[in-house]
Amino acid sequence: MAKGDPGVTTGGRRAAPRSKRAAKSAAGDPELVQLLTPAGERVESAIGPDGTEYRVDFTDDEYRAFYRDLVLVRKLDAEATALQRQGELGLWASLLGQEAAQVGSGRALRSQDMAFPTYREHGVLYCRGIDPIMPLGLFRGVDQGGWDPNEFKFNMYTIVIGAQTLHATGYAMGVAMDGKTGGDDGEAVIAYFGDGATSQGDVNESFVWASVFNVPLVFFCQNNQYAISEPLERQTRVPLYRRAGGFGFPGVRVDGNDVLASYAVTRHALDSARHGQGPSLIEAYTYRMGAHTTSDDPTRYRIASEVEAWQAKDPIARMRAFLTRQQIADDGFFAEVDEQARAESVHLRERVLAMPDPEPVTMFDHVYPNGSPELDEQRAQFSRYMESFEGSAH
Ligand SMILES: Cc1ncc(C[n+]2csc(CCOP(=O)(O)OP(=O)(O)O)c2C)c(N)n1
Ligand SMILES: [Mg+2]
């Protein structure tokens, strides 16, 4: 979508009477910030639990760009799943169903903001301008990520649940110590994690440190209702966003299947952080439509009717309904986007199949910027081991 200052406005924090909040919030749920209903109707504004009023005002081009992003990241993700099924990737963690949470928050980042992802943030990676082939190299086992975190302001994927929230907190402390907050050009940091990760010590320790040091950090929790097979009720007795209050910073629950609300809430939280107002927690309420990874079979632990209920809240369908209803896009536009997505996924597949296998010894590269004696010794040992096979049939 178009870069530059986007059409999001948020009112100041003010106490909202409950009746007003309920009237302005979506779907009769006063806890959920929503600007686009599942039927594709625009909600003029929504008020968060601390009285912040969220609204967006995009151009038609920007609305269409959001739709294009959503369709593209879903199609590329489906292609990756297919590649795994055909033995071309070792594993894939699909984002299916979480496109709006990722595109909305990803587009809300300003160029100077730093993101710390899990292993599922392919949509955010796409919004950061990273070649979507990069995570496929990782899951094919031919490289260790491939992109430069500093160039794209998007850190490496993290498999260790919750660990990246500590990295993000430390990074954000550095941003504050370097005096890079306090104005419109200030830097903010965003840490992505899942509902299951909220039970990790790392995440709770990050909450404490971020709070007491008032760091410029947005905790972005994609509550996709499951941690592999463990449902949300095994993680918490209260809505996750309310945990923030106990740590001393604001929390808000946004409809994670609504790209507009995900954008508005994230942009507001990032701007608060960059202005020195400290951390906040966003709970993007969404649903993992697919398996946890390609190694998982969700039919073992959840019923089909639950999946069907969430299909009715599909993030792409509601955006398409909105564009159609408002006559912002027609069938020609939708067909053109589908064709672009098809062509990009074919291109992705061709490039994955052409990826060279790396020399095994290169696994020692990039561990430290300037190497280390221990690592040099390990590399030498490994090289001797590999050389011992030379000339043999196996
Ligand atoms: C520290 C740690 N413990 C356990 C695992 C195994 N594991 C991988 S994904 C996962 C579930 C994570 O669930 P959630 O945080 O909700 O993220 P989601 O996969 O749903 O996006 C677990 C337990 C791990 N990778 N790291
Ligand atoms: Mg989860």
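Available extension along the chain between SER383 and ASP57 is 111.4 nm, counting 0.36 nm per residue and deducting the alpha carbon span.
Once the C-beta distance of GLU308 and ARG85 is scaled by a Förster radius of 30 Å, the resulting FRET efficiency is 0.85 to the nearest 0.05.
The ranking of TYR119, TYR192 by Cβ neighbour count inside 10 Å, starting from the fewest, reads TYR119, TYR192.
Only Cα pairs under 8 Å and 6+ residues apart enter the sum, and on that basis the relative contact order of segment 233-302 stands at 31 percent.
In segment 287-394, what GluC sites (Glu not before Pro) fall in a loop by DSSP, with at most 15 other Cβ atoms inside 10 Å?
GLU390
Rounded, prolate or oblate, given the Cα gyration tensor of segment 127-167, with a/c below 1.5 counting as rounded? Verdict is oblate for segment 127-167. Entry note, the chain: relative contact order of 21 percent, from Cα contacts under 8 Å with a spacing of 6+ residues. Note on the chain: lysine pairs with Cα distance below 30 Å, sequence gap of 8 or more or different chains, count 10. The phi-based Karplus calculation (6.51 cos²θ - 1.76 cosθ + 1.60; θ = phi - 60°) puts the 3J(HN,Hα) values of segment 220-227 at 10, 9, 8, 7, 9, 6, 9, 10 Hz, whole numbers, x for Gly and Pro.
Sequence-ordered 3J(HN,Hα) estimates for segment 335-341 from the Karplus curve with 6.51, -1.76 and 1.60 and θ = phi - 60° stand at 5, 5, 5, 4, 5, 4, 5 Hz, glycine and proline given as x. Ranked for footprinting exposure by Cβ neighbours inside 10 Å, fewest first, ASP113, ASP296 give ASP296, ASP113.
With an 8 Å cut-off on Cα pairs and a minimum separation of 6 or more residues, tell me the relative contact order of segment 41-174 in percent.
Result for segment 41-174 is 20 percent.
Extension gain for ARG237-ASP357 works out to 38.5 nm (0.36 nm per residue, less the C-alpha to C-alpha distance).
Remark: segment 54-62, residue by residue, has Karplus-estimated 3J(HN,Hα) of 10, 8, 10, 9, 9, 6, 4, 4, 5 Hz, where x stands for each Gly or Pro and the curve is 6.51 cos²θ - 1.76 cosθ + 1.60 at θ = phi - 60°. In segment 136-247, the DSSP beta bridges split such that about 25 percent are antiparallel, to the nearest 5. Each DSSP beta bridge with both residues in the chain is either parallel or antiparallel, and the antiparallel ones are about 25%.
Every number in this text was worked out from the coordinates using simple rules, so none of it is lab data. Just so we're clear, the structure is a prediction, and the values are computed from it rather than from any experiment. Note that each Cβ is placed from the backbone with ideal geometry, even for glycine, and that neighbours are counted across all protein chains shown.
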